[in-house]
Amino acid sequence: MRVSAAAEQYATQLTHVRRLSPATVRAYTGDLRDLAAATGDPALADIDLEALRDWLWRATERGDAKSTIARRTATARGFFAWAMDEQLLAVDPSLRLVAPKRGRTLPRVATTAALDTVLDTATANAADGDPLALRDAALLELLYASALRVAELCGADIDDLDRSRRTIRVVGKGSKERIVPYGDPAARALDAYISRARPVLAARGAGSAALFLGARGARIGTRAVYDVVARALAPELGVETVGPHALRHAAATHLLDGGADLRTVQEMLGHASLGTTQIYTHVSAEKLTAAYRLAHPRA
């Protein structure tokens, strides 16, 4: 079996058995497609350690980041371990493959003042009732208020929102469901969007159940969310390449700065672990909400 054919089977296993997110599966399969192209798509058994090292070396010469090289190393190890389990190989060529050490660079964190400006500007832009401006204001407020991943935001349905309790139910990585609170500014923005803008957008489409809709009435896509966030944040932060994760990272940082417990934030973010030695601790919805109200600057 050739590398590309085995990679397709591996992608199916990642999706349906391990239930990884679509973005993660795309990243891994992209790595394996690159491996197949770099090696001429040989039979799986013809890939050896030197071929794998040469593949990573080419990526290094190309200027790929250390984090990318590290991910590709992990991809190869996972792929060949699976191939061994499936008895497609007699020897695992990736056992001695070493990843470069990843740097501990921290992303830039937007200040509360900067985000107040961004969110207040979004609210002002929505004052004339434009449906997309109302949607964007609600989208930005919710991303920061609840520290959602972009895939979680895009996957949320209107019925996932509990407006009386100001919480949203989302499905995160590994299909794990959690309930996350949001504050007054997000509640006001969501109420305005749902009552004044969403019906207008929904009328353009086929009746999507999605919470956030695109200009044509279908469920909003991740690319559109990236564009909304970039337009809102770039002028204030002074950088062009900024996406939804900047709001998630800012929310987590600001909660901790405000005194929230580390494991409460861990639960809110939906992280299985904040570090390799940290034990995942469940926090009740009541405790999470109480800590959120006390710690989040826009609660």
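The values are calculated or read from the model by the stated rules, or taken from the named source; none is laboratory data. Quantities reported herein were computed from a predicted structural model and do not represent experimental measurements. All Cβ positions, even for glycine, are placed from backbone atoms using ideal geometry, and neighbour counts span all protein chains on display.
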Complete set of residues in segment 111-128 that are closer than 22 Å to residue 296 by Cα and not in a helix (DSSP H, G or I): 111
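Could you grab me the full set of residues in segment 10-19 that are out of contact with any Phe, Trp or Tyr (no Cβ under 8 Å at 6 or more places or on another chain) and surrounded by 15 or more Cβ atoms within 10 Å (Cβ to Cβ)?
Listed by number, the list holds a single entry, 15.
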Conditions (1) modelled with pLDDT under 95; (2) in contact with a strand residue (DSSP E or B) (Cβ under 8 Å, 6 or more places away or on another chain); number of the one not met by residue 176: (2)
In segment 153-211, the residues that are of a type in the set (Lys, Arg) and closer than 26 Å to residue 255 by Cβ: 163, 165, 166, 169, 173, 176, 178, 188
Hits in segment 129-166 - residues which are buried (at least 20 other Cβ atoms within 10 Å of the Cβ) and outside any helix (DSSP H, G or I): 147, 148, 149, 156, 166
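Filter segment 31-64 down to the residues that are outside any loop (DSSP other than H, G, I, E, B), among the small types (Gly, Ala, Ser) and surrounded by fewer than 15 Cβ atoms within 10 Å (Cβ to Cβ) and list them by number. Talk me through it step by step, then tell me what you get.
Here is the first cut: in segment 31-64, the ones outside any loop (DSSP other than H, G, I, E, B) are 31-39, 43-46, 49-61.
Imposing the further condition that a residue be among the small types (Gly, Ala, Ser) reduces the set to 36-38, 43, 45, 51, 59.
Answer for segment 31-64, where residues must be outside any loop (DSSP other than H, G, I, E, B), among the small types (Gly, Ala, Ser) and surrounded by fewer than 15 Cβ atoms within 10 Å (Cβ to Cβ): 37, 43, 45.
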Hey, residue 26 in a helix (DSSP H, G or I) and within 30 Å of residue 155 (Cα to Cα) or not: yes
Residue that is surrounded by the most Cβ atoms within 10 Å (Cβ to Cβ), among those in segment 20-30 that are closer than 20 Å to residue 51 by Cα and without any contact (Cβ under 8 Å) to a residue 24 or more places away in the chain: 29
Residue within segment 135-147 that is within 23 Å of residue 24 (Cα to Cα) and touching a strand residue (DSSP E or B) at 6+ places or on another chain (Cβ under 9 Å) present: yes
Those residues of segment 192-223 which are surrounded by fewer than 16 Cβ atoms within 10 Å (Cβ to Cβ) and assigned to a helix (DSSP H, G or I), in sequence order: 195, 196, 199, 223
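Suppose we keep only residues that are at pLDDT below 80 and not hydrophobic (A, V, I, L, M, F, W, C) within segment 236-252. Which one would you say is nearest to residue 269 (Cα to Cα)?
Ranking the qualifying residues of segment 236-252, first place goes to 241.
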